[in-house]
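Below you'll find the structure, written out as structure tokens, and then a few comments.
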Amino acid sequence: MRPSTAIAFNTNAHFFFRLRVRKQLSVVFSMLTSLLAMSGFALAGAITPGPVNVLALRHGTQPHRSVAWLYVLGASISYAAVVWVMGQSGQLLLRVPVLAASAPWVCAIYLLWLAWRVATAPVSSPSSQAQVTPSLRPMQAFGQGAAVQALNPKAWLVALSGVGMFVIPLTARGTAAASALAWFCGISLLACLVGIGCWAILGKVLARWLQTPQRQRLFNGLLAALLAGSVLGVLA
């Protein structure tokens, strides 16, 4: 090989190497940007007021911490499952007219029933609070969190929006569809643990104020009204 040919070959190899590195860095930067945006979107959706967070606030006021945290865990895992379902078949489900029209109303009936249960929940005096049996057992709280999240119209709409905003564009840029959806599910799970957990902690702080039956009745009534209002707001 002549010296000039060798120099030209090395120059071309170096050029293609730099081009390949630049392309890989561009992909990594694009992925990190998408993950940061995905995290902000998921946290905003998880921490804003809604039926799930209202009930987390209610459970946070209870003396048994395990009830609140298992409720948070159940709701978080349930939302990650909702994201996965919407990523797999969300568009197909929305194309069924009967399902698209009836699902929000079925969910609303269950959530309004929960609002009534909160409004009529029994109250206790300070002397009996230490001996109060929790209204829900820990695993029942986990199941309730999962059920409320699965029947929350806001969860399905936010999950579908997130899939359209993040998963589909990542797939279009070359990321495997399963990998992009797995990232979004994982980030959504962590965001829910933080967002819903903050409401449970807030309930724990408010428990110090709820020392009289009158305040407890007022608190339950406000929570029930907020829960019903959030459901009706989604249906409007």
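The values are calculated or read from the model by the stated rules, or taken from the named source; none is laboratory data. Just so we're clear, the structure is a prediction, and the values are computed from it rather than from any experiment. Every residue, glycine among them, receives a Cβ derived from its backbone with ideal geometry; neighbour counts consider all protein chains shown. Each accessible area value is taken on the protein alone, full model and side chains, heavy atoms only, with ligands, DNA and RNA left out. Shrake-Rupley method; radii C 1.70, N 1.55, O 1.52, S 1.80 Å.
Summary of computed values
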| read-out | value |
| --- | --- |
| In segment 177-194, the residues that are in contact (Cβ under 8 Å) with a residue 12 or more places away in the chain and not aliphatic (A, V, I, L, M) | Trp183, Phe184, Cys185, Gly186, Ser188, Cys192 |
| Meets criteria (under 11 Å from the mean Cα position of the chain (by Cα) and in a helix (DSSP H, G or I)) for Ala44 | yes |
| Some residue of segment 88-106 being open to solvent by 50 Å² or more (accessible area, probe 1.4 Å), modelled with pLDDT of 80 or more and touching a Cys at 6+ places or on another chain (Cβ under 8 Å) | no |
| Inter-residue pairs, beta-carbon under 6 Å, first under 15 Å from Pro153 (Cα atoms) and in segment 89-118, second modelled with pLDDT under 65 and outside any helix (DSSP H, G or I), 6+ apart | none |
| Residue that is within 28 Å of Leu232 (Cβ to Cβ), open to solvent by less than 30 Å² (accessible area, probe 1.4 Å) and at pLDDT 85 or above, where the choices are Val72, Val85 | Val72 |
| Helices (runs of 4 or more DSSP H) lying entirely in segment 142-236 (those with 2 or more residues that are among the charged types (D, E, K, R) and farther than 15 Å from Gly60 by Cα) | 213-235 |
| Residue within segment 6-26 that is at pLDDT 70 or above and either part of a helix (DSSP H, G or I) or not small (Gly, Ala, Ser) (or both) present | no |
| Among the residues listed as Ala200, Ala147, Ala207, Ala159, the single one being within 30 Å of Ala121 (Cα to Cα), open to solvent by less than 30 Å² (accessible area, probe 1.4 Å) and either within 16 Å of the chain's Cα centre (by Cα) or without any contact (Cβ under 8 Å) to a residue 60 or more places away in the chain (or both) | Ala200 |
